[in-house]
Amino acid sequence: MNVSIISWRNYEEKYMTAIGCGVSPDIGYGTDNLLSDFQALGAVQAFDECITLADRENFTYIDYGIYNGEQIAMPFVVGNPRILFYN
């Protein structure tokens, strides 16, 4: 595994450039402000079918992971949203 630490100062630019070039990271972490951009580029896949009724009942903020009608994120920090994603 190769690990790259990206400064918060320019991580948006680096992620968007990598995704646009087809060389996105296998695992990434960031804020939720890029999710709709990732979705528009086809860089994330919805996983609505993986969410159970119990998940919807137990995860208070799960609906905050729905963008354009699709579950593309699973919020796990409230008040300062972060996302974890994998390729």
Under the condition of being under 16 Å from GLY69 (Cα atoms) and among the acidic types (Asp, Glu), which residue from segment 1-40 is modelled with the lowest pLDDT? ASP32
Looking at segment 5-26, which of its residues are of a type outside the set (Lys, Arg) and surrounded by fewer than 11 Cβ atoms within 10 Å (Cβ to Cβ)? ILE5, SER7, TRP8, ASN10, GLU13, CYS21, GLY22, VAL23, ASP26
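On the basis of being in a strand (DSSP E or B) and either free of Cβ contacts under 8 Å to residues at least 24 places away in the same chain or in contact with a helix residue (DSSP H, G or I) (Cβ under 8 Å, 6 or more places away or on another chain) (or both), does GLY22 make the cut? Even if it seems obvious, please write down each step before you answer.
Working: in a strand (DSSP E or B): no; either free of Cβ contacts under 8 Å to residues at least 24 places away in the same chain or in contact with a helix residue (DSSP H, G or I) (Cβ under 8 Å, 6 or more places away or on another chain) (or both): yes.
No.
Kindly indicate whether any position in segment 41-55 is aliphatic (A, V, I, L, M) and modelled with pLDDT under 80. Full working, then the answer.
Initially, segment 41-55 is screened for residues aliphatic (A, V, I, L, M), giving 41, 43-44, 46, 51, 53-54.
Then drop every residue that is not modelled with pLDDT under 80, which leaves none.
No, the conditions are met nowhere in segment 41-55.
The values are calculated or read from the model by the stated rules, or taken from the named source; none is laboratory data. Owing to the predicted nature of the structure, the values given are computational and were not obtained by experimental measurement. For neighbour counting, all protein chains shown are included, and Cβ atoms are generated from backbone atoms with ideal geometry for every residue, glycine included.
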